[in-house]
Every structure is written in C-alpha cells, then in structure tokens.
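So the structure is just underneath, and the comments pick up after that.
Here, each number is a calculation from the coordinates, and none is a lab measurement. Quick caveat: nothing in here was measured; it's all calculated off a predicted structure. Using ideal geometry, Cβ is built from the backbone for each residue, glycine included, and neighbour counts are taken over all protein chains shown.
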C-alpha cells in the first residue's frame, strides 16, 4: 500500500495489472491479503463500517450503504435492465456499465469517464476486480463498496456467510 496516499484505491501491485477478488463475502488482493469482508449486511474495511441494504430484482436493483459517520453510498439501476448502474459515494458519481449486453463484465467509470476498474464474475461465484488507468484517483472504500454491489447483482453464486 502506498502510505503517501492511504485513502486511494491504488493498492494493487506496483507494476503491471493488479487484481482483487471477491471470494464469497471476502475481498482479497493479489497477494491473498484480506482487504474487506461482509458480515450480517455490514461491509467492513479496517475500522470503517458500512451498513448495507439492497433490493434485488431484475426490474429495480438498488444498494444503499450508510457509514458510521453518516456518509451515504448508493448504486441504482438506470434503465429497464441492470446493464447500466449508477453509483454515488459521498457525492462522487460513478457509472457501472456492462461492456457487452451478453456479458456480466463491467467497467467502473469515474465522473470524467475514465476507467477506474473492471469486474469479471466467474462461474465459481468469485468476482475479479482488475485495476484500470484511473485507479489511483478513487478512495479505496468507494471501490470496495461499488464492487460489493456488483457482486450482489452479477455473481452467479453468492453464499452469505454469517
């Protein structure tokens, strides 16, 4: 982790492409170090906690999380399908769009339209998170929340661990 920018998501491996993976309710980095986990609808990353509420469904998908300091995080469906989602993390907007209509792979774009990360759900139920060119410009908690929301909507297999 770059200690000069501890609140940024650029904690992937230094050179080349970095990758996180959601395995069940736990998010690991490329070195299998636990970054975050979800227990009883609480997303935990270090000392930060988000209470997560979500409404599943093909016609209206929403995820809302509230931090212990009152900060609000949301993901909402933008159309008839879940192909286009909008995220907002403490007033920072993101687009979470599928790259092809037949695929569940997504790009997470910041307000400028730059690719922050890509997600790729796997048949095993794991979801890979691959860094994009703008990864260093995003707070880590934003990326953790956004990717957890994409696990909820896109993962073929999700087992809630208590």
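With label points built 7 Å along Cα→Cβ from the Cα atoms of residue 112 and residue 30, find their separation and express it in nm.
Placing both labels 7 Å along Cα→Cβ, they lie 2.3 nm apart.
Can you compute the FRET efficiency between residue 49 and residue 100 using 1/(1 + (r/R0)^6), with r the Cβ-Cβ distance and R0 = 35 Å? Round to the nearest 0.05.
That gives a FRET efficiency of 0.50.
Would the range 69-124 count as rounded, prolate or oblate if I go by the C-alpha gyration tensor, calling it rounded below 1.5 in a/c and otherwise prolate when a/b exceeds b/c, oblate otherwise?
prolate
Contour minus end-to-end for residue 122 and residue 69, with contour as 0.36 nm per residue of separation and end-to-end as the Cα-Cα distance?
In short, 15.7 nm is gained.
Taking square-rooted eigenvalues a ≥ b ≥ c of the alpha carbon gyration tensor, is the range 41-162 rounded, prolate or oblate, where a/c under 1.5 means rounded and, failing that, a/b exceeding b/c means prolate?
rounded
Roughly speaking, what is the centre-to-centre gap between the range 107-140 and the range 17-80 when only Cα atoms are used, to the nearest Å?
So the two Cα centres are separated by 13 Å.
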